[in-house]
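Below is one structure, written out as structure tokens, with a few remarks after it.
What follows is calculated from the coordinates using simple rules that are stated; it is not laboratory data. Please read these numbers as outputs of a predicted model, since none were measured by experiment. Virtual Cβ from ideal backbone geometry, glycine too; neighbours counted across all protein chains shown.
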Amino acid sequence: MLDLVELLKPSESKEPETQGLSSVLFYQTEVCRKLVEEAFTFEGLAVPKLLENDDEVIKKYARSSALEIVIVELNESNNVTEDMRRISHLLPNSASVIVVGSEDAISTIRNLKEMGFYYLFWPVSKQELIDFVKNVSDNRQRNAGLGKAREAKKVAFWGASGGVGNSLLVAEIACELSSKKNSSCVVIDHDFVGGNLDILLGLKKFEKKDIPPGALTSNLDTSYALNMTQKITPMLSILSVQSKDLNEFQMKEYVRTLSDELSEQTNFLIEDLSCSVNCKQDLEYSAKECDAIVLVLKPTVSCLRDASRIVSQLKELETKARIIVVINHTSPEKHATVTEEEIEKYLRRPIDVTCPYDGQMSKALLEGKHLHELKLPISKSIKQITAALLGEKHEIGKVGVLSKLFKRSRK
């Protein structure tokens, strides 16, 4: 006997079930876009968000979504490694990144793997694409291989001597990376007593966080580390601590432990190692763990000697970190006791960026302004340091020949 009640119930339209996988494709060609869309649809996977491969599009979308997999097509790229290095800071550390490209070289696979990215050689069939994506997803579930979250780029700003403006550059670069380059940053303060980072970052009523009793024997996990940071903006935080009970060595060890926990939560860890707070252990750590070391010095004989010793020690430690040499004129250029040519000769390497003396700088900082947002002479130099860290090509950092000629004519 027919059940009329059941027959009269409104029928629910059954849509094909799709497996939830939050993903996005940044494509360069229509062929790739179509293949990805059709392959995911056929397999019953949620189709990725399909967006054009453009830096501004990536910057806007990658941060606004809880992405699991990011697919970046680079079939039209002339250098896959360099292009991925250029945009890597725009991508969330927690997402697994698949690079699709037609560059057939083992070095490309190796370079991308070092950056924490998968490489899928094009052309590829729909089934090969799906198998690859499923393998990446499995790695994420098992937290294995490149499925692990990528670690932050660690950058040490090292003051060759006191008064070189190291903390100022730390603050400005961190602010520019987070506000203009859409890269999340954590500033690591190694001054456990004082310092001016709070002023330089534009913070009011700032206090270092007290290290709680028994912290060294506690389980210092990621949640704990995040709780010890202080938010400046949604993309910028600072880790700044103090303690009445712990000595400097213990606090250094504590900060290093927290830094390691934070490395999967941010794009950049920027360490302020001004001369007053850095030590031999810091140099060894920077040489081994950092991706880049920004050596800041002023053009004086004593500072140059200190910088030369640091460069020699880094060479002895066989560091793989990129070394970026920055000359910061903290007083008018006429007071320099060594020339740029002498500095390059003594260090046996070129100067990467020169920051000119700027009398308006102090006034701007006291007004709570950030130098990288202004049109001062030093603003350009700050942008050049940021570009160097990101591997971007920028105008040469040293004062141009015409500028030097004009200066001479004024004397």
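Amide H contacts of residue 187: 237, 238, 239, 270, each under 5 Å away and 5 or more positions distant or on a separate chain (H built 1.01 Å from N in the peptide plane; Pro and chain starts excluded). Annotation: amide H of residue 99 within the under-5 Å range of 72, 118, 119, 120, sequence separation 5 or more or interchain, hydrogens built in the peptide plane. Distances between placed amide hydrogens fall under 5 Å for residue 322 paired with 292, 293, all partners being 5 or more residues away or on another chain. Partners of residue 180 within straight-line reach, counting aspartates and glutamates whose Cα lies under 13 Å from its Cα and excluding those fewer than 8 residues away in the same chain: 55, 56, 172, 373. Taking the average, over residues, of other Cβ atoms within 10 Å as the packing measure, peptides 202-212, 319-329 rank 319-329, 202-212 from highest down.
What percent do you get for the relative contact order of the chain when only Cα pairs under 8 Å and 6+ apart count? Let's see the in-between values first.
Numbers: 664 pairs, mean separation 58.4, N = 411.
Averaging sequence separation for qualifying contacts and normalising by length gives 14 percent for the chain.
In this calculation the C-beta distance from residue 221 to residue 138 is compared with R0 = 35 Å, giving a FRET efficiency of 0.90. Between region 333-359 and region 286-327, how many Å separate their Cα centres? Taking the Cα centre of region 286-327 as reference, the centre of region 333-359 is 14 Å away. Listed by Cβ neighbour count within 10 Å, with the fewest neighbours leading, 344, 114, 151 appear as 114, 344, 151. Within straight-line reach of residue 34, meaning a Cα separation under 21 Å, sit the following lysines at least 8 residues removed in sequence or on another chain: 49, 126, 134. Each Lys or Arg adds one and each Asp or Glu subtracts one; over the other residues with Cβ under 12 Å from the Cβ of residue 67, this totals +2. Specify which labelled value, from (i) 126; (ii) 153; (iii) 214, agrees with volume of the Cα convex hull per residue in Å³ derived from the coordinates of the model shown. Given (i) 126; (ii) 153; (iii) 214, the structure-derived one carries the label (iii).
If one computes the Cα centroid of region 80-148 and of region 200-239, what distance in Å separates the two points? Cα centroid to Cα centroid, the span is 33 Å.
Residue by residue, region 96-111 carries 3J(HN,Hα) couplings of 7, 10, 10, 9, 9, x, 9, 7, 9, 8, 4, 4, 5, 4, 5, 5 Hz when phi is fed to the Karplus relation 6.51 cos²θ - 1.76 cosθ + 1.60 (θ = phi - 60°); x denotes Gly or Pro.
Which net charge results when you count Lys and Arg as +1 and Asp and Glu as -1 among the other residues whose beta-carbon is under 12 Å from that of residue 372? Present the calculation step by step, with values, prior to reporting the outcome.
On the way: positive: 180, 181, 369, 375, 380, 383; negative: 172, 176, 373.
Taking every other residue near residue 372 into account, the sum is +3.
All other residues whose Cβ lies under 11 angstrom from that of residue 320 are scored, Lys and Arg at +1 and Asp and Glu at -1, for a net of -2.
Using the 10 angstrom Cβ neighbour count as an exposure proxy, how do 104, 260 rank, fewest first?
Result, fewest neighbours first: 104, 260.
Converting phi to 3J(HN,Hα) with the Karplus coefficients 6.51, -1.76 and 1.60 and the offset θ = phi - 60°, region 239-255 yields 10, 9, 10, 8, 7, 8, 9, 8, 7, 4, 4, 5, 5, 4, 4, 4, 5 Hz in sequence order, with x at every glycine or proline. Taking θ as phi - 60° and the Karplus parameters 6.51, -1.76 and 1.60, the scalar couplings of region 368-374 work out to x, 8, 9, 5, 5, 8, 9 Hz in sequence order, x denoting glycine and proline. For the chain, the share of DSSP beta bridges that are antiparallel, to the nearest 5, is 5%.
Region 23-147: percent of C-alpha pairs farther apart than 27 Å? Could you put the intermediate results ahead of the total?
Working: 604 of 7750 pairs.
Distances greater than 27 Å cover 8 percent of the Cα pairs.
Using a cut-off of 19 Å between alpha-carbon atoms, which lysines can reach residue 181, once sequence neighbours fewer than 8 places away in the same chain are excluded? Straight-distance partners of residue 181: 59, 60, 153, 154, 231, 369, 375, 380, 383, 393.
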